[in-house]
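A short write-up of the structure that comes next.
A short reminder: the numbers here are calculations on the coordinates, not readings from a lab. Just so you know, these numbers come straight off a predicted model, no measurement behind them. Virtual Cβ from ideal backbone geometry, glycine too; neighbours counted across all protein chains shown.
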Amino acid sequence: MRPPVSTAERSTARAHAIELRDITKSFGHIQALRGATLQIRAGEVLAVVGDNGAGKSTLMKALSGNVVPTSGEIVIDGASAEIASVADAQRRGIFTVYQDLAQAPDLSALENVFLGREQLLGGIGRRIGLLARGEMRRRAEQALDDLGVTIPSVSRPVRDLSGGQRQAVAIARAVMWATTAVVMDEPTAALGARQTAIVYDTIKATAARGLAVVVVSHDIPNIVSLADRIAIMRHGRVLVTLESEKTNVDEVLRLMLGAEVTQ
Amino acid sequence: MNSVRELAALGDVDPRVAAAAQQTALGRTVRSTTLWVAVALLAIILLFGALSDGVFLRADNISDMAVNSVIAVILAVGATFILGAGLLDLSIGSSLLLCSIVSAKVTTALAGSAEEVAAGVYPNLALGIAGGVAAGIACGALLGAVNGLIVTRLKLNSFIVTLATMGIFNGIALIVTNGVNVPNVPQQLQTDFAGSKLAGIPLPVFLAAIVAAAMWFVLTKTRFGMRTLAIGSSEEAARRANVPVDRHIVSLFVLMGVLAGIAGIVDLARFGTTNLEGHQTDALAAFAATVIGGTSLFGGRASVGGAVLGALIPVVLATGLVILDVVSFYQLVVVGVILILAVWLDQLRRSRFN
């Protein structure tokens, strides 16, 4: 893998800070979130970990617009931001890479990257919806290149790519459009070790571009070394957020499973 | 992009992926269904040419076959978009019929008074034909919109919806005509359009060629075409990418309806009358042609060129068999076998990577 290109040159992201404040969410009688608070910094990889039912996925869905919180506030750059839909989140520059990737397998990587945001030619071409394929190809190749991703061809159907490559294409799509944060739900759940490594490289390159990357993962040993900070959730709250340099896998697991915070 | 070999050396590429990437353009062409359909069609044509001592290959026979294929080609090209989006439209034969009736009725109503038209006199012929063409196309758009709105608003499977509207449109066609074909359609439609040639090529063939070329362009070069295949490949992915999927599906059915309307006008012009009994199997033939031409039965992958070739095969077979004095019913058997082969090939290709 090539190292990512210096972010100063190509980064389109401005540094945005996101804060989830006291988020609650009830589904009928079940309280999935009981006042979760989380700060997310630009340019960092923030891992969100916790046992099943701790509320990780629900908290991420609140950020990506797939779930509307019962109460609480989402603050972006100090201003309250209402995120009631995926479209709202995307307008705020927050894009999600879904666990099942949400790709069209028969379409090429470049078409998947641009689906719903196709670039059109100018003039009459725009009116009849003529695709600017050359420009789209150039930008898709650039985006993959910036993330250090190498795939056989951006013109081949993503069906033909390996799992890690497909995940990398999905991340490239999010990075291309995100200006604030990329949210990833279990990005390596279905992948082997080698493919996981590809995806982790891509995640680091994404953060290096100035975007906040929030990763939900069960892969504790790897995520502790990948992330800058680790938010540990339990019973619908964020128990504690640790700097990864000042903690270790054992401590994270103990906190996840019920130990008290000693720091 | 870096070479695949370099990547494969690093060991992080699935060998099947590396193999796929190393396919040359030639390799991919050899694997394309469209090419094989073209080869098969050419072989059939040459075989008939040889067996018939060249009669089959005479210009007038080629021209006749082209004209006989026009309606099938127009419908198959539309079916390519519908199937490419993972949808079906079984109502296109009934739509064609109903629109040809609407077109005929509007034409005869506008072309002159009832007495004049009954006597074969059309004082307002141009108005009548212009009105008839507009009405036929509008009818198709309307029927397509009905299909599309039922599919998207009621969230019903397009197979069932169009199975139902096939019966409904056919029923309406029989109701408005009392089961009798519309009489007194101006002969000029036959003489000046259907039977007329430009540079030796029949006008309807020009029409079909323009329709096919335009639809090929839309499928391969425009956002509309790309989103059509995206919906067929993964409707969920398209929705998450904020593609207005429901609106797109309605547009696809309207497009199919308009093409059925145009085909209805061609049908009217060719035979000088409506054809109440003649379109029961049009939809099945159109989707068969589309699948034979390489469009995936499951959507996501489509070929307009393949659909055109697929639509030509039954006409070529039927004509050749007639010339050879063989009962042309064998055509049905052969087309059925080809259809099964085409679907089987599609399935093999899908299972290779999954």
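Given +1 on the Cβ of Lys and Arg, -1 on the Cβ of Asp and Glu, and no further charges, what dipole in debye does the protein assembly as shown carry about its Cα centre, rounded to the nearest 20? Numbers along the way, then the final one.
Values: 50 positive and 46 negative charges, 176 e Å.
So the dipole magnitude of the protein assembly as shown works out to roughly 840 debye.
Filter A:LYS61/B:LYS155; A:LYS25/B:LYS155; A:LYS25/A:LYS61 down to the pairs with a C-alpha to C-alpha distance above 22 Å, please.
Values: A:LYS61/B:LYS155 26 Å; A:LYS25/B:LYS155 30 Å; A:LYS25/A:LYS61 11 Å.
Violating the 22 Å Cα-Cα cut-off are A:LYS61/B:LYS155; A:LYS25/B:LYS155.
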(message) Above 25 Å lies some portion of the pair distances; for chain A, what is it as a whole percent of all C-alpha pairs?
(response) 45 percent
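Which length gain, in nm to one decimal place, applies between B:PHE217 and B:GLU236 when the Cα-Cα distance is subtracted from 0.36 nm times their residue separation? Don't jump to the answer; show the numbers that get you there.
Values: separation 19, 0.36 × 19 = 6.84 nm, distance 2.56 nm.
Using 0.36 nm per residue and subtracting the Cα-Cα distance, I get 4.3 nm.
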(message) Within 10 Å of each candidate Cβ there may be at most 15 other Cβ atoms; applying that plus a DSSP loop requirement, which chymotrypsin sites (Phe, Trp or Tyr not before Pro) in the range B:293-354 survive?
(response) B:PHE298, B:PHE329
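How much FRET efficiency would the formula 1/(1 + (r/R0)^6) give for B:ILE175 and B:ALA126, where r is the Cβ-Cβ distance and R0 is 30 Å, rounded to 0.05?
Working: r = 30 Å, r/R0 = 1.00.
Calculated transfer efficiency: 0.50.
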(request) Sort largest first and round to whole Å: the equivalent ellipsoid semi-axes of the protein assembly as shown, each the square root of five times a Cα gyration tensor eigenvalue. (result) 57, 28, 20
(message) Suppose only helical runs count, i.e. DSSP H with n ≥ 4. What mean residue ellipticity at 222 nm does that imply for chain B under -39500 (n - 2.57) per run, divided by all residues and rounded to the nearest 500 deg cm²/dmol?
(response) -24500 deg cm²/dmol
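For chain A, what relative contact order do you get, as a whole percent, if you take Cα pairs closer than 8 Å and at least 6 residues apart? Don't jump to the answer; show the numbers that get you there.
Working: 535 pairs, mean separation 77.0, N = 263.
Relative contact order, chain A: 29 percent.
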(message) Take B:SER328 and B:LEU297, extend 7 Å from each Cα along the Cα→Cβ direction, and tell me the distance between the two endpoints in nm.
(response) 2.8 nm
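What number, rounded to the nearest 500 deg cm²/dmol, is the helix-based mean residue ellipticity at 222 nm of chain A, given -39500 (n - 2.57) per DSSP H run of at least four residues and division by all its residues?
On the way: 10 runs with 90 residues, N = 263.
The per-residue figure over chain A is -9500 deg cm²/dmol.
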(message) 7 Å from Cα along Cα→Cβ at both B:GLN187 and A:ASP51: what's the point-to-point distance in nm?
(response) 9.1 nm
(request) Between B:LEU198 and A:ILE124, take the C-beta separation as r, use R0 = 25 Å, and let me know the FRET efficiency to the nearest 0.05. (result) 0.35
(request) Please report, to two decimal places, log10 I(q)/I(0) for the range A:28-158 at q = 0.18, 0.19 Å⁻¹ as given by the Debye formula with identical point scatterers on the Cα atoms and no solvent. (result) -1.12, -1.17
(request) Indicate the helices, whole DSSP H runs only, in chain B that combine a mean Kyte-Doolittle hydropathy of 0.5 or more with a Cα extent along their long axis of 30 angstrom or more. (result) B:59-84, B:125-153, B:245-271, B:330-353
